[in-house]
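Quick one: structure below, then a few questions.
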Amino acid sequence: MHDIATSIAEIVGEMGYIGIFIMMFLESTLFPFPSEIAMIPAGYLASQGDMNLVVAIIVGTSGSLLGALFNYYLAKKYGRKGVLSFGKYFFFTEEKLIKMEAFFVKHGSFSTFVSRLLPGVRQLISLPAGLSNMPIGRFTLYTVLGAGLWVTVLVLLGYILGENKALIETYLHQIILITLGLIVVATILYSFMNKKSK
């Protein structure tokens, strides 16, 4: 894994912002690519003066948004049958789609924000959003907020910790726990506001 991360860092360094955009686009589609491998090296490169911190965050978030929109319009245009036909090439099954739909129905539009912070879910939540014809403006807003938060955390992690692999592994675990805690708080607030409005 360390060798893979090193290779990715070299690729990001060579391709620059285009490399970040492409990798984050893939990460938001059905392609199983971890965002940590792309954005933490970007943060490290920013700490070395080879990249701009803000630009890296904007590019990473933009790539995530475009990948999410790809899934959204794929589902909206081709429906369940088209999603499953396309998804089979990426080991995406009907069972997974049903789980994503249940998650989306349970949490509504807010799930498109929460899911951007959850590994294994962020790539797929755009599908039920597209199938349900969720308003594109709301979908874009929640996706940008969620993806932007996650990308910022990863880039800052790489920026602060640099190339110290041991520190990155230690603090990444803590950051994930803190992020999950924030999700719980945000979900509670959302549920409270939703009940109050009803």
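Residue-by-condition table, conditions (1) out of contact with any Cys (no Cβ under 6 Å at 6 or more places or on another chain); (2) surrounded by 12 or more Cβ atoms within 10 Å (Cβ to Cβ); (3) part of a helix (DSSP H, G or I):
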position: D50; (1), (2), (3): yes, yes, no
position: Y72; (1), (2), (3): yes, yes, yes
position: Y78; (1), (2), (3): yes, yes, yes
position: A102; (1), (2), (3): yes, no, yes
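Are there any pairs with C-beta distances below 6 angstrom linking a residue in segment 63-86 that is over 20 Å from K99 (Cβ atoms) to a residue that is in a helix (DSSP H, G or I) and among the aliphatic types (A, V, I, L, M), with the two at least 6 apart or on different chains, and if so which?
As it stands, the answer is G63/M24; S64/M24; S64/A147; L65/V144, since those pairs meet every condition given.
Each reported figure results from applying straightforward, stated rules to the coordinates on display, with no laboratory input. As the structure is a prediction and not an experimental result, all values here were calculated from the model. Backbone-built Cβ (ideal geometry, glycine too); neighbour counts: all protein chains shown.
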